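The values are calculated or read from the model by the stated rules, or taken from the named source; none is laboratory data. Everything numeric in this text was worked out from a predicted model, so none of it was measured. Cβ sites come from the backbone with ideal geometry, for glycine too, and all protein chains shown count toward neighbours. These accessible areas exclude ligands, DNA and RNA; they are computed on the full protein's heavy atoms, side chains included. Shrake-Rupley method; radii C 1.70, N 1.55, O 1.52, S 1.80 Å.
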Amino acid sequence: MTRRPFILLSGGVSLYGSRAPTEQSPQCLDWMGNYMDGLKDHMTMFGLQQFPEKSTGWSREGKDFYCPYTAASPEPPTTADRVRPGDVKIVAALGDSLTAAIGANATNVLEIPTEYRHLSWSIGGYSNLSAVITLPNILKTFNPNVVGFGKRSTVSYRPAPLEDSGLNLAVTGANTFLLPAQARRLIDVLNSLPDISVQDDWKVITIFIGSNDLCDYCKNKTQFSADAFIHHMSEALDMLQEELSRSIVNVVQLFQVDRLRQVNDQSLGCILQRFFCSCVVSPKEDSPELLELLEVNRQFQDRLEHLIQTSGRYDGKKDFAVILQPFLKDIEPAIDHDGIIDFSFFTPDCFHLTVKGHEQMAKGLWNNMLQPEGNKSHLKTFSEEVKLLCPSEARPYIYTRRTENTTAMSSAARSSSLLVLGAALAVFCI
């Protein structure tokens, strides 16, 4: 079957209505061409199936979310280790279809190419937290004036105006080699917006990418190796560190993609997995091809941990921080009360997440942001109960690597002061 070339167009108008330059991204390995071919084949053979349950069952936990300590800092913080949720003024996100929220509210396969960016876990801003749990909607409870979130849906093969997508610059089908271009575009867009201060406003940027590299690994083992993955990730993060101030960057750890092999109920929609992630779903169980892929997946995770947690590469700038958020690292598919895969968390293509899945990711991300490195929670399944955490009076900040060091130093200083005071009192009593 001949594959059509596919190029996603980006650009349009800015968040505030002014025109922004239209821009083309490189070809995403013909991801959407393959996907649309699969949809056509599916429709020809089976017609249009409806899945109304995919758009229902949204969580209502957000209605009950209340934190007693929501105030912003008395004065804007100058270092990343002292940023409270209420200090965040701009949100942005980079990545692939899981951040673009492709098919998140789809009820049939024809709606899967719709990107529900306003419902995306890390960057969607639809309504408020009572309507849908997303990171921006959580942050709105601390600062109702936060900007940058996605406001409306877009279509993955049409231009995406910024007034709809917001600063969700994720590209459906993107491999990690496209991440530096996304980072470059984010910097350029931020510098072009008239109603924000790139230098003074605190930003939270969330990056999640790499799954498509693993889906394509067997097609080009050099281009999609762990070395290539970490090279492109480093290039993007280096660019953000060099050109942006007052920024906290969440890098979300990859999950183990072979878990997606379990998400197949033999329904007609699950056939689509083979069109865009064949390197994961096609190999036989315990085959050399699958075992090699699993090892590469682990290398991706290990190399990302080294880059962010132990290399020190992003620890030298006081108003910039990169934090690895590991809540997805060991996650298993959603299961119901009978221990069976709960397909209401997955779109009709048996690969992407519905709003229920996006809400779980939003909760996992938020909780990781309030937890220190080494003590960050990992989701066991997409369907487990997750309660949103609150900042405490003692630790009202978003955790960075420097937050932990500063907290430890402050505790040590207090202990030292008490020792000195005790010694002085002892001398006085004598």
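One residue is enough: does the stretch 208-220 have a residue meeting the conditions open to solvent by less than 10 Å² (accessible area, probe 1.4 Å) and in contact with a strand residue (DSSP E or B) (Cβ under 6 Å, 6 or more places away or on another chain)? Yes: the stretch 208-220 contains one or more residues that are open to solvent by less than 10 Å² (accessible area, probe 1.4 Å) and in contact with a strand residue (DSSP E or B) (Cβ under 6 Å, 6 or more places away or on another chain). Is one or more of the residues making up the stretch 194-208 of a type in the set (Phe, Trp, Tyr), within 17 Å of the chain's Cα centre (by Cα) and not in a loop (DSSP other than H, G, I, E, B)? So far as the stretch 194-208 goes, yes, one or more of its residues are of a type in the set (Phe, Trp, Tyr), within 17 Å of the chain's Cα centre (by Cα) and not in a loop (DSSP other than H, G, I, E, B). Can you confirm whether Ala170 is surrounded by 22 or more Cβ atoms within 10 Å (Cβ to Cβ) and either part of a helix (DSSP H, G or I) or modelled with pLDDT of 95 or more (or both)? Answer is yes for this residue. The single condition among (1) of a type outside the set (Val, Ile, Thr); (2) outside any loop (DSSP other than H, G, I, E, B); (3) over 26 Å from Gln223 (Cβ atoms) that Leu260 does not satisfy is (3).
Taking the conditions (1) farther than 24 Å from Gln325 by Cα; (2) open to solvent by 50 Å² or more (accessible area, probe 1.4 Å); (3) among the hydrophobic types (A, V, I, L, M, F, W, C) in turn, Phe276 satisfies each one other than (2).
Would you be able to say whether some residue in the stretch 325-334 is small (Gly, Ala, Ser), buried (at least 18 other Cβ atoms within 10 Å of the Cβ) and in a loop (DSSP other than H, G, I, E, B)? Scanning the stretch 325-334, I find at least one residue that is small (Gly, Ala, Ser), buried (at least 18 other Cβ atoms within 10 Å of the Cβ) and in a loop (DSSP other than H, G, I, E, B), so the answer is yes.
For Lys89, the test of being buried (at least 21 other Cβ atoms within 10 Å of the Cβ), modelled with pLDDT under 70 and touching a Ser or Thr at 6+ places or on another chain (Cβ under 9 Å) is failed.
Taking the criterion of being at pLDDT below 95 and either open to solvent by 10 Å² or more (accessible area, probe 1.4 Å) or under 14 Å from Asp87 (Cβ atoms) (or both), the only residue of the stretch 135-156 that qualifies is Val155. Of the set (1) farther than 20 Å from Val249 by Cα; (2) more than 17 Å from the chain's Cα centre (by Cα); (3) in a helix (DSSP H, G or I); (4) not acidic (Asp, Glu), all apply to Arg185 but (1).
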